[in-house]
Amino acid sequence: MLVADPGLGKTGTTLLALDLLKMVGSNFFPALVLAPKRVCDVVWTGEQQKWSSFKDLSIIKVLGEREQRLHALRQSVADIYLCNYENAEWLTSIWPQEKWPFKIVAADESSRLKSFRLNKGGKRASALSNIARHTGRWWNLTGTPSPDGLWDLWGQLWFVDFGERLKYKYEAFFEAYCMENRYTRKKSLQLGAADTIAEQVKDVVIAFRAEDHLDITKPQELAVEFEMNPAAWAQYKDMERHFWMEVDDKQIEAGTAAIKAYKLLQLCAGSVYDDQSMPHAVHDDRLEALDDVLEQIGHQQLLLSYYWKFDVPRIMGYLQKRRIPARIYSGQKDEDDWNNEKFRVMLLQEQNAHGLNLHLHCRDIMHYTYVYNAEWWRQMIERVGPARQAQLGKKAAVRVWYAKARGTIENEVTDSNFKKISIEEAFKRARAQRYV
């Protein structure tokens, strides 16, 4: 079980391990990677393409509709198959347990297995447990092994050792290490249980913290890439090529290159304004990036920066559906309640970030949508930034996440806002973009 903070290379480390196994002729292939959909679709293939040493590893995505998934499995044998957790139950049903073909399973964001129990629990985790003993190697990858408490560890670790280290049943584990208030139902650890659990699992768990390896005076910059669906991508290309597009039977035009750049950013965000300033929804794909960040940081607070007003109802609807306490910043009371941890996600428009102190318990900020403005970008980071963390005497790396639609103008915008290129150069690149 590899426990590592975001940005420390869990994906690359796993690909390196698989590459080494293939190099020495291991018969523990093919491998299956289970991960959230966006991570399967973008992160694993992106990491493989980034490093020339992984080019000999063949990868097939088992994603999409049922026929698409079956077609992927019928292709020539690959080294690695990528499948999202939502399809895990379907995947395990295809073969008899004794003919399960995957000799290595890497469960990325393994906290999704925390609900497993021998006699009850989540359906996906239960389905995976049926093939776990027919898998030669099982690797868990996570940055948040115990989002609610160390009792979340049992279900995940069962897939590694089948209960050898933390008791064979969850009930026995809970009785040995935890307790529950009979009135409030609040769970807690028994005295000394955390040290005992760490001692029990230390031979099968490797853990890395960002603070031990990175310069905490600088924020981590963590891109969260996603792909727009084909229909939205086609509209994006129309606007990029021709300075116009159609949506909801309405033609939307951009008279200049600068206006076009902003229309493209709106399309990346998920909606586009017409000439009456009315937004037209195009896609919800960007929410996958937000979902992934929330998954990785567990129950920690997230400062969510946005630019377009049409972002707000979409984000709030998503958070309400997931029952995540959130507010849109509107004044001092929100700032005070945030610093008292009364809610988990704060939505703050990036042009309104000056002067706020939001760092008491928060070290994660996400640029959800944005425009060309390095000053707003920097001011938002400074709401929780390294200097403010240092003032509190905290040794914690500040993480700056930013959603980015793959292959779009957002590559130039983020480079500009991080001061990697000038705004003028960013506009020049945007004007030069053409798809053929």
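Checked against (1) closer than 21 Å to Asn417 by Cα; (2) in contact with a helix residue (DSSP H, G or I) (Cβ under 8 Å, 6 or more places away or on another chain); (3) not in a loop (DSSP other than H, G, I, E, B), Ile381 meets all criteria but (2). Return yes or no: is Thr184 exposed (fewer than 14 other Cβ atoms within 10 Å of the Cβ), of a type outside the set (D, E, K, R), assigned to a loop (DSSP other than H, G, I, E, B) and without any contact (Cβ under 8 Å) to a residue 40 or more places away in the chain? When the stated conditions are applied, Thr184 passes them.
Of the residues making up the stretch 216-252, those that are surrounded by 16 or more Cβ atoms within 10 Å (Cβ to Cβ), part of a loop (DSSP other than H, G, I, E, B) and modelled with pLDDT of 90 or more are Glu227, Met228.
Taking the stretch 253-286, which residues are aliphatic (A, V, I, L, M), over 25 Å from Val42 (Cα atoms) and surrounded by fewer than 18 Cβ atoms within 10 Å (Cβ to Cβ)? Quick ask: steps written out before the conclusion?
Going through the stretch 253-286, the residues aliphatic (A, V, I, L, M) turn out to be 254, 257-259, 261, 264-265, 267, 269, 272, 278, 281-282.
Filter again for over 25 Å from Val42 (Cα atoms), leaving 254, 257-259, 278.
Result: Ala257, Ala258, Ile259, Met278.
Condition check ((1) over 30 Å from Thr13 (Cα atoms); (2) among the aliphatic types (A, V, I, L, M)) across all residues:
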| site | (1), (2) |
| --- | --- |
| Gln190 | yes, no |
| Glu199 | no, no |
| His213 | no, no |
| Ala234 | yes, yes |
| Lys237 | yes, no |
| Val247 | yes, yes |
| Gln251 | yes, no |
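Residue count for the stretch 286-336, restricted to those that are out of contact with any helix residue (DSSP H, G or I) (no Cβ under 9 Å at 6 or more places or on another chain), over 22 Å from Leu113 (Cβ atoms) and assigned to a helix (DSSP H, G or I): 11.
Table: residues versus (1) over 21 Å from the mean Cα position of the chain (by Cα); (2) over 20 Å from Glu350 (Cα atoms); (3) not hydroxyl-bearing (Ser, Thr, Tyr).
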| position | (1), (2), (3) |
| --- | --- |
| Val272 | yes, no, yes |
| Gln276 | yes, yes, yes |
| His280 | yes, yes, yes |
| Asp284 | no, yes, yes |
| Asp292 | no, yes, yes |
| Gln296 | no, yes, yes |
| Tyr306 | no, no, no |
| Arg314 | no, no, yes |
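Can you tell me which residues in the stretch 7-29 are in a loop (DSSP other than H, G, I, E, B) and in contact with a strand residue (DSSP E or B) (Cβ under 6 Å, 6 or more places away or on another chain)? Within the stretch 7-29, Gly7, Leu8, Phe28 qualify.
The values are calculated or read from the model by the stated rules, or taken from the named source; none is laboratory data. Every value quoted in this text rests on a predicted model; they were computed, and no experiment measured them. Cβ: placed from backbone, ideal geometry, glycine included. Neighbour counts: every protein chain shown.
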